[in-house]
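Undergrad: Questions regarding the structure given below will be posed in turn.
The values are calculated or read from the model by the stated rules, or taken from the named source; none is laboratory data. Keep in mind the model is a prediction, meaning the values are calculated, not measured. Positions of Cβ are backbone-derived with ideal geometry, glycine not excepted, and every protein chain shown enters the neighbour counts. In case anyone asks, the SASA skips ligands and DNA or RNA and just uses the protein heavy atoms, side chains included. Shrake-Rupley method; radii C 1.70, N 1.55, O 1.52, S 1.80 Å.
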Amino acid sequence: MSPPFPPPGSTRSAAEVNEQIRALWLRTGGSLSAQERAEYELLVVEWAEAIREEIIEAA
């Protein structure tokens, strides 16, 4: 099942994305299939972008 990604231009907080990453790991028991690995990689990229945005806003 694909994660519900926000529409382009809309961003979630790093905390929201982190929660989804944690849920993915819990749901899979720590062993990712190829599809789940792709989902994880997209989430990590989204999380990194959200972290950057939060740092920029804080500065």
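Undergrad: Exactly one of these conditions fails for Ser33: (1) over 12 Å from the mean Cα position of the chain (by Cα); (2) modelled with pLDDT under 95; (3) not hydrophobic (A, V, I, L, M, F, W, C). Give me its number.
TA: Looking at each condition in turn, Ser33 falls short on (2).
Undergrad: While we're looking at this one, here's another question. Restricting to the range 45-59, count the residues that are open to solvent by less than 50 Å² (accessible area, probe 1.4 Å) and under 15 Å from Arg22 (Cβ atoms). Can you show your working first?
TA: Filtering the range 45-59 for residues open to solvent by less than 50 Å² (accessible area, probe 1.4 Å) gives 46, 48, 50.
With the extra rule that they be under 15 Å from Arg22 (Cβ atoms), the set shrinks to 46, 50.
Count: 2.
Undergrad: Of all residues being under 10 Å from the mean Cα position of the chain (by Cα) and assigned to a loop (DSSP other than H, G, I, E, B) in the range 6-24, which is modelled with the lowest pLDDT? Just the residue, please.
TA: Arg12
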